[in-house]
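Take a look at the structure below.
Nothing in this text is a laboratory measurement; each read-out follows from the coordinates by a stated rule. Just so you know, these numbers come straight off a predicted model, no measurement behind them. With ideal geometry, Cβ positions are generated from the backbone for all residues, glycine too; neighbour counts draw on all protein chains shown.
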Amino acid sequence: MNVKTIYQRLKPNLKKTLDASAREYDSAKRLKYKLMSSSLYHELTLAEISSLMCYADVYTYEADSADVLYGKIFLDK
């Protein structure tokens, strides 16, 4: 069974924005590698989730507590 990584499960528009940020910023590149090496959303720290929001252009007013806790705003189903 092939388990998808968090990066593979990102919504396409967020993945595209994160990729563009990773070409420009080293910290975004490190975040991308973290997402590529993790398969469970709960492995991310709050700092990494905050960075994901920043580099994927997700504004904090768009997210609620379920988005932060479970990644609903970031991940495809």
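Brief remarks follow.
- The single condition among (1) part of a helix (DSSP H, G or I); (2) surrounded by 12 or more Cβ atoms within 10 Å (Cβ to Cβ) that Val58 does not satisfy is (1).
- Of all residues in the range 4-31, none satisfies the criterion of being under 16 Å from Ser50 (Cα atoms), assigned to a loop (DSSP other than H, G, I, E, B) and of a type in the set (D, E, K, R).
- Contacts under 8 angstrom Cβ, first residue in the range 59-77 being among the β-branched types (Val, Ile, Thr), partner loosely packed, with under 11 Cβ neighbours inside 10 Å, 6 or more apart: Val68/Leu46; Ile73/Glu62
- Selection from the range 49-66 of residues that are charged (D, E, K, R) and farther than 19 Å from Lys16 by Cβ: Asp64
- Members of the range 16-42 found to be touching a residue at least 12 places away in the same chain (Cβ under 8 Å) and not small (Gly, Ala, Ser), listed by number: Thr17, Leu18, Asp19, Tyr25, Leu31, Lys32, Lys34, Leu35, Met36, Leu40, Tyr41
- Residue check for Asp76: surrounded by 12 or more Cβ atoms within 10 Å (Cβ to Cβ) and charged (D, E, K, R): no
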